[in-house]
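Below is one structure, written out as structure tokens; the observations come after it.
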Amino acid sequence: MKKAFGTAVTNCYIVKGKNSSIIIDPGVDAFNWAYENAINLAGVFLTHGHWDHAYCAKFFSDKGYSVYIHRDDSFMVENASSMMPNAFKPEILTSDASEFKVGEFGVKFHHFPGHTPGCCMLEVSCEDEKFMFSGDFLFKGSVGRWDFPYSDADKMRKSLQKALKIKENFTLYPGHGFYTTFEDERATIEYFLRVI
């Protein structure tokens, strides 16, 4: 399930299995929808620490659910600011290639810094299905911005070069906009490597 929230129109996802579910990127105003539609919630996962993706993660943490985020972005959610007033301490800090088994799901963090220091794509598997949630790293026809505070154009360039080495095709579910496929976005990646 997907629903977009807030002024940034950020996608929040609920991935459901037969007996459990996980939530990805509960941004502004996403809590009630995500909490009410998740079944046997096994964990909350953040692709990165920007407020429009992480705003409501504190509410899940307060209810005892584990929140997972790459360690390089933990400072974004741990320190209160005008953009992230709902500061909290995430339960699980991850690294590149960190893998977790939660409920029926396998979740693997793929680190692609540049948009933020800890920006990741999340590979989620359940039974014989696999999904890739690209957050703000890759979109349909575009890539994440590299001009924000804590963004880094050089790291974004290296991340895009790293992404081009991926041989497998898969459906991408981005943090904003519509789903696409990795194969379709190879041309996008190559274009932005010439731009950045």
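The values are calculated or read from the model by the stated rules, or taken from the named source; none is laboratory data. As the structure is a prediction and not an experimental result, all values here were calculated from the model. Cβ placement follows ideal geometry from the backbone for every residue including glycine, while neighbour counts extend to all protein chains displayed. All accessible areas refer to the heavy atoms of the entire protein, side chains included, with ligands and DNA or RNA removed. Shrake-Rupley method; radii C 1.70, N 1.55, O 1.52, S 1.80 Å.
Sticking to Cα atoms, compute the Rg of the chain to one decimal and its Dmax as the biggest Cα-Cα distance, whole number, in Å.
Considering the chain through its Cα atoms, Rg and Dmax are 15.4, 45 Å.
If the reach is capped at under 25 angstrom between alpha carbons, list the lysines near Lys58, excluding any in the same chain fewer than eight residues apart.
Those lysines meeting the cut-off are Lys2, Lys3, Lys16, Lys89, Lys101, Lys108.
How much accessible area per residue does the chain have, in Å², with a 1.4 Å probe?
On a per-residue basis, 46 Å².
Quick one: net charge around Phe31, please, counting Lys, Arg +1 and Asp, Glu -1 for every other residue with C-beta under 11 Å from its C-beta.
Working: positive: Lys58, Lys63; negative: Asp29, Glu36, Asp62.
Once all neighbours under 11 Å are counted, the net charge is -1.
Let me know the Kirkwood hydrodynamic radius for the stretch 18-107, please, with Cα pairs as the basis and the value in Å to one decimal.
This gives a value of 13.0 Å.
Carbon and sulfur together cover what percent of the accessible area of the stretch 102-144 at a 1.4 Å probe radius?
Numbers: 560 of 1240 Å².
Answer for the stretch 102-144 is 45 percent, counting heavy atoms of protein chains only.
Rank Leu160, Leu93, Leu41 by mean-square fluctuation in a GNM of the chain with C-alpha springs under 10 angstrom and give only the top-ranked residue.
Maximum among the listed residues: Leu93.
How many angstrom lie between the C-alpha centres of the stretch 34-71 and the stretch 119-164?
Result: 19 Å between the Cα centres.
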